[in-house]
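**Q** Structure incoming, see below.
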Amino acid sequence: MINIVGLTIGVTCGLLLLLYIADELSYDRYNKKASQIYRIVSHIQEPDKISKWVSTQPPLAKTLKQEYPFVENYVRFFFNGRMSFRQGERRLYEENVYGVDPTVFNVFTYKFIEGNPEQALQQPGSIVLTRRVAERLFGKSTALGQVLQTNDTTSYKVTAVIENVPKNSHLSFNALVTLDQNQRNANDWGGFYISSYLLLSQNADIKKLEAGFPGLYEKYMSSIFKQMGIHITYQLQPLTSIHLHSKLEEESNGDIGYVYTFGAVAFFMLLIASINYMNLTTAQSSRRAKEVGLRKVMGSLRGALIRKFLTESIFITLISLTVSLILVALLLPSFNNVSGKQIEFKQLLSPEFILIGLSIVVFTGLVSGSYPAFYLSSFEPASVLKGTFRARGGGFLRKSLVVTQFSISLVMLICTWIVYQQLDYMRSKDMGYNREQVLTIDYQNSQPREKYNTFRKELLDNPNIQNVASASSPVSNIGGRLVFTIESNEGMKELPFKSTLIDQDYIQTMGMTMTAGHNFSELSADTANSVLINEAAMKRMNWKDPIGKKIILGTIPADGKNPPPTAYVAGVVKDFHQQSLYNPIEPLIMVYGRANSVIHIKLRSENTPKTLALVRKKWQQIYPDKVFEYRFLDQDFENAYHADELRGEICTIFSALTILIACLGLFGLATFTTEQRVKEIGVRKVLGSSIASVVFMLSKDFTRLVLFSFPIAIPIAYFAMDSWLQSFPYKAPISIWIFVASCVSTLFICWLTVIYQSLRAALANPVKSLRSE
């Protein structure tokens, strides 16, 4: 029975993990031309750093189409972000709205519900909605031909409705609009703000295309960037590799490392379950010795016996697989909740998974049954039938397998602990600003900002609101870069920097610290001509005293006419994280701006629901035609680590189940060991041995095996997790207490498993066990 339970748990876990892996590997493969689609990645080499960006210049894809005949088509995506839509009385905000070229449906595959892919985005002012958005706006009525009002006076005509973008797509959107004519025809080789995809012919020479990228720089970009010491080249990224292999700035994807990890976990769980079967079968060998002896006397050859035992093993695995399929169907909804997936049971019925299931049966059956088959078939019939048979051999192998089991379990336990330590470190690390009780509201256009000061004043009249500030981007996601002309120790230089607009209340509202100079002041005449920088910017420029350094807010035109405004450094802000801890702190220039597009409202912790209701009321009074939508800053923070937290939960669950399978095997071995030594225990008790000494005698061998696993597991876990942590710019040191606690926990679990059977044997009446002697 323990055999089947152990195998069933192993196979069930293996199938669930394989479903997860299959889903990860399926990203973007629903596109009919997936193997021909490539994304262009920009490599920006600056004098002091190298960056890789998802964004490219607008004319790049179009130029490649013109100059290379094997570039069949292209499409560009411009991120419009969050947009408000109004249709009659219905108003809503939608995230992930993109401006695209009309060729999008010639490159990517989407299922059309209404409309024609050839005409959908050909005309300016067209919009394609996903089914979910169309139903929210129009219910069950047709959306085709309807007109949507967005922002102030802009309107879009619905020209198509498509099915929701599949979950296994790296590029998710809720609506597509025609790319603005100025964006479509822009010849701006200096700005990186658009994502470009190419559709290549089936026999396209990728290396030839990439070899031509340096020539593009010389032809179109060197006049802009060479004087700044910036060199630009590109890389073609296959569409199907983006989700798991791309870790570029401005995007969040999966991780091939987790696929390998979960694949290894699935394999090891099946291996541990197979080891249990081997150990328990060989431990019970004496029970089947007479069967083997009789079969051999009746003429059975050893080969036939081996085939018989292997067939038994495969049959038991087949039973386990059947039960596992039922368990997977029952557990799949819970697994989806934990993993964040939308996996359906029908995927298990696909030809690929049927083949995988049969492979699991054969692999597990052969691995688990091979040694018992050869071991049992080797018994000599004469000694068995005379009653002089004693099972010998296999002891060393059984012990080695137990050590292997617990080594794997301990590695998984240590790794899981370190993953959680790193996640906890990232959640608790000082970000350089106070994210607690900060409400964030995004404006959708410039018109409402005229009333920002009124809105701010109304809010500050309430004692539960501490401060209100505005910025051009959320503090948790400052990503844009601009080129500034900056006073350096060698003269004026043109250099790209991250930048954001903030007002005079921003530093105080966010709880940031000034380390030099002063903050912006609404009362100061020079505020409009001032900028703030962070410590990383000061270090980059190698400034000892940055106050008063000259920064021109842009590049100086070659003809010298209409130069950008000039500002001076007024203060230095202590470094703060501009994105999640997956990204390092970058040099930042903060430019003064009033009534910016993102509002941060600092609330007191008391009466939050009441204060929130007040903010809503004031918003609806001042902006009656605008939807009130908000989020808390700490929610943005948590969302940044949500994917890794889900993976951490998966690791925890399967680590626990791995230990459970190992303990099942240990429990079974302890049971049969005590059965074999029951007379010895009886004799010892008659001679005066205490219960404690009997328990110690039975437990020490298993304890020794678990202890042997420690020096094997610890270095493997350490080097594996040290390598994993190298991918984080900010990482927690690996604590020795994690290894100590993991080893102690494993040993404790081992004792709990073994001591039950040991106590049962020690407490048994010795008269019963010695009666037959």
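**Q** Evaluate the following for Pro729: is it part of a loop (DSSP other than H, G, I, E, B), modelled with pLDDT of 80 or more and touching a Leu at 6+ places or on another chain (Cβ under 8 Å)?
**A** When the stated conditions are applied, Pro729 passes them.
**Q** Sticking with this structure for a sec: Has segment 453-473 got any residue that is of a type outside the set (Ser, Thr, Tyr), in a strand (DSSP E or B) and at pLDDT below 85?
**A** no
**Q** Now for a different question. Just give me the residues in segment 428-442 being in contact with a helix residue (DSSP H, G or I) (Cβ under 8 Å, 6 or more places away or on another chain) and open to solvent by 10 Å² or more (accessible area, probe 1.4 Å), in sequence order.
**A** Passing the criteria: Arg435, Glu436, Gln437.
**Q** Right, something else. Please work out which one of (1) modelled with pLDDT of 90 or more; (2) open to solvent by 60 Å² or more (accessible area, probe 1.4 Å) is the condition Ala741 fails and give its number.
**A** So Ala741 meets the others, but not (2).
**Q** Further, regarding this structure: Could you grab me the full set of residues in segment 506-517 that are surrounded by 15 or more Cβ atoms within 10 Å (Cβ to Cβ) and either in a loop (DSSP other than H, G, I, E, B) or modelled with pLDDT under 90 (or both)?
**A** Hits for segment 506-517 are Met510, Gly511, Met512.
**Q** Yes or no: Tyr110 farther than 30 Å from Ala537 by Cα and at pLDDT below 80?
**A** No.
**Q** Do we have Pro69 as open to solvent by 40 Å² or more (accessible area, probe 1.4 Å), within 29 Å of Leu236 (Cβ to Cβ) and not small (Gly, Ala, Ser) here?
**A** Judged against the criteria, Pro69 is a match.
**Q** Identify the residue in segment 9-46 that is out of contact with any helix residue (DSSP H, G or I) (no Cβ under 8 Å at 6 or more places or on another chain) and in a loop (DSSP other than H, G, I, E, B) and, among all such residues, is most open to solvent (accessible area, probe 1.4 Å).
**A** Ranking the qualifying residues of segment 9-46, first place goes to Lys32.
**Q** Could you please let me know if Lys52 is assigned to a helix (DSSP H, G or I) and open to solvent by 40 Å² or more (accessible area, probe 1.4 Å)?
**A** No; evaluated as a whole, the condition is false for this residue.
**Q** Still on this structure: Can you say whether Leu612 is open to solvent by less than 40 Å² (accessible area, probe 1.4 Å), under 25 Å from the mean Cα position of the chain (by Cα) and within 30 Å of Gln578 (Cβ to Cβ), as far as the supplied structure shows?
**A** Answer is no for this residue.
**Q** Let me ask something else. Is it true that Leu92 is in a strand (DSSP E or B), at pLDDT 90 or above and closer than 30 Å to Lys341 by Cβ?
**A** It is false that Leu92 is in a strand (DSSP E or B), at pLDDT 90 or above and closer than 30 Å to Lys341 by Cβ.
**Q** Residue pairs, Cβ under 6 Å, 6 or more apart or interchain, first in segment 22-46 and closer than 30 Å to Asn336 by Cβ, second of a type in the set (D, E, K, R). List them.
**A** Filtered contacts from segment 22-46: Asp23/Lys341; Ala34/Asp28.
**Q** Hey, among the residues in segment 236-259 that are under 25 Å from Gln66 (Cα atoms) and of a type in the set (A, V, I, L, M), which one's surrounded by the most Cβ atoms within 10 Å (Cβ to Cβ)?
**A** Per the criteria, the residue is Leu239.
**Q** Can I ask one more? Say whether the condition of being free of Cβ contacts under 8 Å to residues at least 40 places away in the same chain, in contact with a Ser or Thr (Cβ under 9 Å, 6 or more places away or on another chain) and open to solvent by 20 Å² or more (accessible area, probe 1.4 Å) is met by at least one residue in segment 713-723.
**A** no
**Q** Additional query: Among the residues of segment 92-114, how many are farther than 20 Å from Gln36 by Cα and open to solvent by 40 Å² or more (accessible area, probe 1.4 Å)?
**A** 5
**Q** Further, regarding this structure: Please tell me if Leu532 is within 30 Å of Asp644 (Cβ to Cβ) and either surrounded by 16 or more Cβ atoms within 10 Å (Cβ to Cβ) or touching a Gly at 6+ places or on another chain (Cβ under 8 Å) (or both).
**A** Taking the combined requirement at face value, the residue does not satisfy it.
**Q** Condition first: open to solvent by less than 40 Å² (accessible area, probe 1.4 Å) and not aliphatic (A, V, I, L, M). Now tell me which residues in segment 562-582 satisfy that.
**A** Pro564, Gly571, Asp575, Phe576, His577, Gln578, Gln579, Ser580
**Q** Can you tell me which condition Met492 does not meet? The list is (1) touching a strand residue (DSSP E or B) at 6+ places or on another chain (Cβ under 6 Å); (2) over 25 Å from Ile585 (Cβ atoms); (3) open to solvent by less than 10 Å² (accessible area, probe 1.4 Å), and all the others hold.
**A** Looking at each condition in turn, Met492 falls short on (3).
**Q** Here's another thing I want to ask about it. Can you tell me which of Val323, Val328 is within 19 Å of Leu25 (Cβ to Cβ), assigned to a helix (DSSP H, G or I) and of a type in the set (Val, Ile, Thr)?
**A** Going through Val323, Val328 in turn, just one is within 19 Å of Leu25 (Cβ to Cβ), assigned to a helix (DSSP H, G or I) and of a type in the set (Val, Ile, Thr): Val328.
**Q** Search segment 221-235 for residues being surrounded by fewer than 17 Cβ atoms within 10 Å (Cβ to Cβ) and touching a residue at least 40 places away in the same chain (Cβ under 8 Å), and hand back the single one that is farthest from Phe363 (Cα to Cα).
**A** Ranking the qualifying residues of segment 221-235, first place goes to Gln227.
**Q** Now for a different question. With (1) over 20 Å from Glu586 (Cβ atoms); (2) of a type outside the set (Asp, Glu); (3) crowded, with 16+ Cβ neighbours inside 10 Å; (4) touching a strand residue (DSSP E or B) at 6+ places or on another chain (Cβ under 6 Å) as the list, and Arg82 as the residue in question, which single condition is left unmet?
**A** Condition not satisfied by Arg82: (3).
**Q** If a residue must be of a type in the set (Gly, Ala, Ser) and assigned to a helix (DSSP H, G or I), how many such residues does segment 732-753 contain?
**A** 3
**Q** Out of the residues in segment 312-341 meeting the condition of being open to solvent by less than 60 Å² (accessible area, probe 1.4 Å), small (Gly, Ala, Ser) and within 30 Å of the chain's Cα centre (by Cα), tell me which one is nearest to Gly357 (Cα to Cα).
**A** Ser324
**Q** Take Glu645 and tell me if it is open to solvent by 50 Å² or more (accessible area, probe 1.4 Å) and modelled with pLDDT under 90.
**A** Here the answer is no, as Glu645 does not meet what is asked.
**Q** Could I ask something else about it? If you scan segment 95-111, which residues turn out to be touching a Ser or Thr at 6+ places or on another chain (Cβ under 8 Å) and either part of a strand (DSSP E or B) or among the β-branched types (Val, Ile, Thr) (or both)?
**A** Asn96, Gly99, Val100
**Q** Could you tell me which of the residues Ala143, Ala160 is at pLDDT 85 or above, in contact with a helix residue (DSSP H, G or I) (Cβ under 6 Å, 6 or more places away or on another chain) and farther than 30 Å from Ala22 by Cβ?
**A** Ala143
The values are calculated or read from the model by the stated rules, or taken from the named source; none is laboratory data. This one's a predicted model, so the numbers in the text were calculated from it and none came from an experiment. Counting neighbours? That spans all protein chains shown, and the Cβs are built from the backbone with ideal geometry, glycine included. Surface areas here come from the heavy atoms of the whole protein model, side chains and all, with no ligands, DNA or RNA. Shrake-Rupley method; radii C 1.70, N 1.55, O 1.52, S 1.80 Å.
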